[in-house]
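A.B. asks: One structure is given below, represented as structure tokens, and several questions about it will come after.
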Amino acid sequence: MVSCFSQFHVVKMNKTWTEAQKHCREKFTDLATTEYQEEMVAVNATLNGTAGNFWIGLRQKPGENNKSWIWSDGSKFSYSDWNTGEPNNPVGDNCVHLYSQYGYRWNDAGCNWTNPFVCYEEIPLTLIKQKKTWREALRYCREKHVDLVSVHTEDIQHQVEFVTTDASTANVWMGLRHTCTLSFWFWVSGESICYQNWAPGNGTEEEDCSGGERTGAVQSGSKQWVSLSETQKLNFICSTISEEHEAS
């Protein structure tokens, strides 16, 4: 089973829909898209009862007598969560915001209104909820995606923390490996180990190599890193976008 994620962010600045779209595209990925009920539930959880009206990425298609809708990021419009009696504006330049007083259900409004808004950020990681040894996980990620995840920055650590909330094992494999011959840890993708997030008693002392090479996992609870035998069978995280693609 593969779980893919978008993370939602509430921006508490009043902007028109077009201004909000520009901000989301510059700082995140785009204005929030909710193609499924599960995504709408995630948006509601992110808003967490915050009062107000919040733009999402849905806009009426331009053109006379056009009552169809399109998502800002080009996603197919199929799922909807209109409030009772909505949409009810005449055909024109209408966008969709969430009404907190109606449980964040949808309402159409003029796109030139100013509201806070919800952005989404694509998480370039995939949690694989299968149980594999570290070597099996590495092979799977390289065959089907890019690689086992390298957590070489705090930002990637935050993404890992987000995706591991759905893990079915207490620890989750990363692309972190120890060499007993040279006595150091390294990321198999080649990144340097500058950022670290070891749990107490892990990774900072000499490793016991009597059982073979050690490999790194992230705890699904504390989100800290632990040193484990590569033969354990765990969920794992694959990177789905290469460093070169992210930089381009």
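The values are calculated or read from the model by the stated rules, or taken from the named source; none is laboratory data. Bear in mind the structure is a predicted one, so any value in this text is a computation, not a measurement. Neighbour counts are summed over all protein chains in view; Cβ atoms, including those assigned to glycine, are modelled from backbone coordinates with ideal geometry. Ligands, DNA and RNA are excluded from the accessible area calculation, which covers all protein heavy atoms including side chains. Shrake-Rupley method; radii C 1.70, N 1.55, O 1.52, S 1.80 Å.
A.B. asks: Would you pick out the residues in the range 1-52 that are of a type outside the set (Asp, Glu), closer than 29 Å to residue 141 by Cα and part of a loop (DSSP other than H, G, I, E, B)?
C.D. replies: 1, 28, 29, 32, 33, 34, 36
A.B. asks: Out of 222, 192, report the one residue that is farther than 16 Å from residue 152 by Cα and not basic (Lys, Arg).
C.D. replies: 222
A.B. asks: Here's a follow-up. Kindly establish whether residue 45 is touching a strand residue (DSSP E or B) at 6+ places or on another chain (Cβ under 7 Å) and either open to solvent by 50 Å² or more (accessible area, probe 1.4 Å) or of a type in the set (Gly, Ala, Ser) (or both).
C.D. replies: The answer is no for residue 45.
A.B. asks: Let me ask something additional. Here are some residues: 106, 55. Which one is more than 23 Å from residue 126 (Cα to Cα), touching a helix residue (DSSP H, G or I) at 6+ places or on another chain (Cβ under 6 Å), of a type in the set (A, V, I, L, M, F, W, C) and assigned to a strand (DSSP E or B)?
C.D. replies: The unique qualifying residue is 55.
A.B. asks: Looking at 246, 206, which one is open to solvent by 60 Å² or more (accessible area, probe 1.4 Å), at pLDDT below 95 and either outside any loop (DSSP other than H, G, I, E, B) or touching a Phe, Trp or Tyr at 6+ places or on another chain (Cβ under 8 Å) (or both)?
C.D. replies: Within the list 246, 206, the selection yields 246.
A.B. asks: On to the next question. Restricting to the range 132-156, and then to whatever is under 16 Å from the mean Cα position of the chain (by Cα) and of a type in the set (Val, Ile, Thr), can you tell me which residue is surrounded by the most Cβ atoms within 10 Å (Cβ to Cβ)?
C.D. replies: Filtering first and then ranking leaves 149.
A.B. asks: Here is a follow-up. Does residue 121 satisfy the criteria of being out of contact with any Ser or Thr (no Cβ under 7 Å at 6 or more places or on another chain), open to solvent by 30 Å² or more (accessible area, probe 1.4 Å) and not hydroxyl-bearing (Ser, Thr, Tyr)?
C.D. replies: When the stated conditions are applied, residue 121 does not pass them.
A.B. asks: Among the residues of the range 124-131, is any charged (D, E, K, R), assigned to a strand (DSSP E or B), open to solvent by less than 20 Å² (accessible area, probe 1.4 Å) and modelled with pLDDT of 90 or more?
C.D. replies: Checking the range 124-131: not a single residue is charged (D, E, K, R), assigned to a strand (DSSP E or B), open to solvent by less than 20 Å² (accessible area, probe 1.4 Å) and modelled with pLDDT of 90 or more.
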